[in-house]
Amino acid sequence: MHSKVNDPEGKKPAEATAKQPQASEAQPQDVESTAPEQSAAAKSPTLGDVLEAAEELWPQSLAEDWDAVGLVAGRTTNPVNKVLFAVDPTLSVIEDAIERGADLLITHHPLLLKPVNQVAGTNFKGEAIHRLIESGCALLTAHTNADSAIGGVNDALADAFGLSDCVPLVGTKDGLPEEGLGRVGYLENPMKLQDFAERVYSVLPAVAGGVRVAGERNAIVRKIALCGGAGDSLFDAVRSHDADVYVTADLRHHPASEAREAAGNSHPYLIDVSHFASEWVWLSAAARALQNVLVDLGFELEVEVSLINTDPWDFILTP
């Protein structure tokens, strides 16, 4: 018997604009051929078992102080036969999880990052909690702990971009040397900024905003800094690593403008991508990692990746 990541190969989140190049490196892969054989005694894990596996992969101790990670809803004694991974716990993603028959939804972004004093079904967050509980689907958040973890969001991005010899952009206080926010690594061969930007564009899922670049098209780059999600607070670290390019999301006008002014006509050049797209790349790797841990413990379950595009932008107008 095989465990399997059930995600159609070659598909992407729904496109919000004209079709972009296929992001083959970013696609969830079917791991049926590599999953170890299970005995007839293989059984489904409980939610508690899955939480232990998740803690091994994405320790909550790696989360930033302001973050809210871990179990949001669900009973630890309930069995888990199917897990769905997604970036955002939107109502459309929750309905997708319910329709798929998922017992657990694991999202990167928290549903309840800010404290609340009620979860009435009169607002979308309360409705989300009600739908999850009523359907028997648990919710787990792996956010900045998954950003910093080995094999997490930033390692997945580095792999997708073809980087090697990677180190954290900012290390953790008490973690391993390989753990921390962002990554800095090297391309196998130097390339033009435009060519590298096209590589970034090609491996990310299609979104309305595309990819924005600040810098001379023909500038030669090799040392790459990156941070999945919003990373414009880490410019000092980028400069301290003397990176040629910084790839991140949600670059605001003033931090980006000041970074380019400080650099003059030199590096670091900037590549601004979709917040959603930069983190969606991690989902397939996370699905495989979680399943591998649980299979090694003798459990059987299905793990899938949501194809719903939760990037908030629908279309863009350009000159």
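In the range 72-81, how many are in contact with a Ser or Thr (Cβ under 9 Å, 6 or more places away or on another chain) and within 14 Å of residue 106 (Cα to Cα)? Qualifying residue count for the region: 3. Checked across the range 88-96, the condition of being in contact with a helix residue (DSSP H, G or I) (Cβ under 9 Å, 6 or more places away or on another chain), open to solvent by less than 20 Å² (accessible area, probe 1.4 Å) and assigned to a loop (DSSP other than H, G, I, E, B) holds for at least one residue.
Listed by position, the strands (runs of 3 or more DSSP E) contained in the range 231-319 that have at least 1 residues being acidic (Asp, Glu), open to solvent by less than 30 Å² (accessible area, probe 1.4 Å) and under 15 Å from residue 210 (Cβ atoms) are 269-273. For the range 188-224, filtering for residues that are exposed (fewer than 15 other Cβ atoms within 10 Å of the Cβ), assigned to a strand (DSSP E or B) and not aliphatic (A, V, I, L, M) leaves 5.
The sole residue among 273, 281 that is in contact with a helix residue (DSSP H, G or I) (Cβ under 6 Å, 6 or more places away or on another chain), among the hydrophobic types (A, V, I, L, M, F, W, C) and in contact (Cβ under 8 Å) with a residue 60 or more places away in the chain is 281.
Just to be sure before I move on: is residue 58 modelled with pLDDT of 50 or more, among the aromatic types (Phe, Trp, Tyr) and open to solvent by 50 Å² or more (accessible area, probe 1.4 Å) in the structure I sent? No: the conditions fail for residue 58. Of all residues in the range 97-119, those being open to solvent by 40 Å² or more (accessible area, probe 1.4 Å) and under 20 Å from the mean Cα position of the chain (by Cα) number 2.
The values are calculated or read from the model by the stated rules, or taken from the named source; none is laboratory data. Here the structure is a predicted model, which means the values were calculated and not measured. Here the Cβ is made from the backbone with ideal geometry for all residues, glycine too, and neighbour counts use every protein chain on show. What goes into the accessible areas is simple: the full protein's heavy atoms, side chains included, and nothing from ligands, DNA or RNA. Shrake-Rupley method; radii C 1.70, N 1.55, O 1.52, S 1.80 Å.
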